[in-house]
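Working notes, structure below.
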Amino acid sequence: MSASTIYVIGHKNPDTDSICSAMAYARLRAAQGLEGVQAARAGNINRQTEFVLEELALPIPPVLTDVHPRVRDVLGEHVVTIAHDAPLSRALELFHLHSIRMLPVVDADNRPLGALFLKRVSERFLVPRQEKDIRRVQASPASIMKCLKASALNLVDGESIENLDLYVGAMDSATFHSRMEGLDPRAMILVTGDRLKILREAVELGVRVLIVTGSLPVPPEILEVGVRNQVSIISTPFDTATTSWLTRLSTPVHHLVKDDFTTTSALDRLEDLRLKLLHSDDPGVVVLDGEGRVCGVATKSNLLRPSPVKLILVDHNELGQAVNGADKVEIIEVVDHHRLGNFHTDHPIRFINQPLGSTCSVVASLYRQSGIEPDRVTAGLMLAGLLSDTVILKSPTTTTTDRELAKWLGSLSGFDPQDFGKRIFSAGSALAAYPSPRHLVLADFKEYDAGEQKFGVGQVEVVNFQEFHNLKDALVDTLAKIKEERHLDVAGLLVTDIVQETSLLLALGGKELPYVISYPQVEENIYELKGVLSRKKQLVPHLLKVLKGV
């Protein structure tokens, strides 16, 4: 399992305040000793944010579109596999050594050929029900040698896997001779020590494999007969009891595998793994990497491991606005300045929500409280987010604290707030600079629930309304598609003129919308919102109120 990473991340369709507050807060928490913390984003940034990051010479945070826990997140760092030609004895060693119940069998390229299961192997080899099952060995002379750490005195068809019967020559030679009557010597493995008469008779009969224990010598004349009669003769340092036991476990594991085993990808969601484990009789599933090679085994115990991904949410506190999968991982902190939404956690967390004009204002106040003075670049980040969300301190959401923080951040960063703010909005005000009307609408689009009504509103700032009127028809078509795709009752775009300090709302809804919205309608689907600059404080509360009654 990889080390934990704590992502500080804003909402989908992030605006400048969302990105800047995530970056600044990640720096603060790192300075306070929180390990593994880094900023991220849940969507594409807009041109205004691009300008800010370019001005401060900062890289764009990595994008996270999905934080659903994956199978790879809960795997151990070491995967235990066994080569396809290894003997069963090695498999049992691995089962015991690593306290596992399932062992992938792989080829030379680490691709799966099947899986061994401890329970099934034990039932077959350790709990036989008939004498013939105890004797039966499926092996080759070579695999027996590997299992017994033996050396070959004479090897015939060493790699040939055959079904053989195991016998021990630990008796008088006359008794041995009578026991051999009626048996097929070419289907026999005989284990014995330095019993010369039994050795001689074995090679004269032409047994398939003769195992001499204790590294005891074999007379040359007996060896000569064995060579002539094509007897594989091998010598092992083990005693007779150990040799007999290990020989039964000399079957190459690829002859014992279950080849209809269950696999999953390391990139699959844990939810998918849970379903596979629930509907499988096997104790686990084999995990494959992107190239089809074995990278782990996942069992039900893996489902209990926490995801290494943790989140700190900034500039929002509603799961509907959060990165996909946020409800499946641990959220350890929230830093915001919006209304409280439908957020809940399993454990107490640090939740900071202040009625300030921007999340960057909240973060800046946390720097002050901690006694940590931000460097010039970090102060510039927070100043940019503050000025963006308060529309250069003109929005009705602006507080005395915001104005005081803007002055403080300006002195630390070297930026004049008014001049910096104008350059920020000028960089992001050109509507034609967006790749498409859809990108324009969704660049800062948020969705809300008002009773049984669901609505979504984007916002864009301009220095005059001329560009908006030129794009109006295309924007209407785009809003109509988004409204249908997202099953919204109302879809709108708030276009704010930061120079005139007023807005126009392009909104599509039901036939009753013009009668309930309470704003003057200046054209079809367009409403005038004089003095409205803030979507959060002015528009959304109004829409929540009027649409609940629809």
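The values are calculated or read from the model by the stated rules, or taken from the named source; none is laboratory data. What you see is a predicted model, and the numbers here were worked out from it, not measured in a lab. Every residue, glycine as well, gets a Cβ built from its backbone with ideal geometry; the counts of neighbours run over all protein chains shown.
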For this session: Go over the candidates ALA152, ALA142 one by one and state the one that is without any contact (Cβ under 8 Å) to a residue 60 or more places away in the chain, of a type in the set (A, V, I, L, M, F, W, C) and either part of a loop (DSSP other than H, G, I, E, B) or under 30 Å from ARG228 (Cβ atoms) (or both).
Result: ALA142
Exercise. For region 42-62, does any single residue satisfy the condition of being within 15 Å of VAL334 (Cα to Cα) and part of a loop (DSSP other than H, G, I, E, B)?
Worked result: no
Exercise. Can you find a residue in region 29-39 that is touching a strand residue (DSSP E or B) at 6+ places or on another chain (Cβ under 7 Å), under 20 Å from LEU442 (Cα atoms) and touching a residue at least 24 places away in the same chain (Cβ under 8 Å)?
Worked result: no
Problem set entry | Filter result for the condition that a residue is among the hydroxyl-bearing types (Ser, Thr, Tyr), assigned by TED's automatic domain parsing to the domain that holds GLY214 and either touching a Lys or Arg at 6+ places or on another chain (Cβ under 6 Å) or within 16 Å of LEU256 (Cα to Cα) (or both), over SER140, SER151 | SER140
For this session: Output the qualifying pairs, or none if there are none: Cβ atoms under 9 angstrom, residues six or more apart or on different chains, first residue in region 168-193 and assigned by TED's automatic domain parsing to the domain that holds GLY158, second residue exposed (fewer than 12 other Cβ atoms within 10 Å of the Cβ) and not acidic (Asp, Glu).
Result: ALA187/ASN163
For this session: Answer yes or no as to whether LEU199 is in the same structural domain as ARG90 (by TED's automatic domain parsing), of a type outside the set (Gly, Ala, Ser), within 26 Å of ALA91 (Cβ to Cβ) and in contact with a Ser or Thr (Cβ under 9 Å, 6 or more places away or on another chain).
Result: no
Seminar exercise, completed: Of the listed residues (SER143, SER178, SER173, SER151), the one being surrounded by fewer than 16 Cβ atoms within 10 Å (Cβ to Cβ), closer than 15 Å to SER235 by Cα and among the hydroxyl-bearing types (Ser, Thr, Tyr) is SER151
Exercise. Inside region 460-495, can you point out the residues that are in a strand (DSSP E or B) and without any contact (Cβ under 8 Å) to a residue 60 or more places away in the chain?
Worked result: VAL460, VAL462, VAL490, ALA491, GLY492, LEU493, LEU494, VAL495
Seminar exercise, completed: Restricting region 504-533 to residues that are assigned to a strand (DSSP E or B) and among the charged types (D, E, K, R), the one surrounded by the most Cβ atoms within 10 Å (Cβ to Cβ) turns out to be GLU528
Exercise. If you take the residues in region 70-108 that are assigned to a strand (DSSP E or B) and touching a Lys or Arg at 6+ places or on another chain (Cβ under 7 Å), which one is modelled with the highest pLDDT?
Worked result: ILE82
For this session: Please enumerate the residues belonging to region 439-459 that are part of a helix (DSSP H, G or I) and surrounded by fewer than 22 Cβ atoms within 10 Å (Cβ to Cβ).
Result: HIS439, LEU442
Problem set entry | All positions within region 292-335 that are part of a loop (DSSP other than H, G, I, E, B), over 21 Å from GLN354 (Cβ atoms), charged (D, E, K, R) and at pLDDT 90 or above | ARG293
Problem set entry | Residue in region 522-530 that is touching a Gly at 6+ places or on another chain (Cβ under 6 Å) and at pLDDT 90 or above present | no
Seminar exercise, completed: Those residues of region 381-411 which are closer than 25 Å to GLY371 by Cβ and surrounded by fewer than 20 Cβ atoms within 10 Å (Cβ to Cβ) amount to THR399, THR400, THR401, ARG403, GLU404, LYS407, TRP408, SER411
For this session: Confirm whether ARG248 is in contact (Cβ under 8 Å) with a residue 60 or more places away in the chain, over 24 Å from ILE134 (Cα atoms) and in contact with a strand residue (DSSP E or B) (Cβ under 9 Å, 6 or more places away or on another chain).
Result: no
Problem set entry | Residues (in a helix (DSSP H, G or I) and either among the hydroxyl-bearing types (Ser, Thr, Tyr) or under 14 Å from ASP165 (Cβ atoms) (or both)) located in region 175-228 | THR175, SER178, ARG179, MET180, PRO185, ARG186, ALA187, ALA202, LEU205
Seminar exercise, completed: Within region 243-274, residues being of a type in the set (A, V, I, L, M, F, W, C), in contact with a Pro (Cβ under 7 Å, 6 or more places away or on another chain) and in a loop (DSSP other than H, G, I, E, B) number 1
Exercise. Inside region 336-345, can you point out the residues that are modelled with pLDDT under 90 and either part of a strand (DSSP E or B) or not aliphatic (A, V, I, L, M) (or both)?
Worked result: HIS338, ARG339, GLY341, ASN342, PHE343, HIS344, THR345
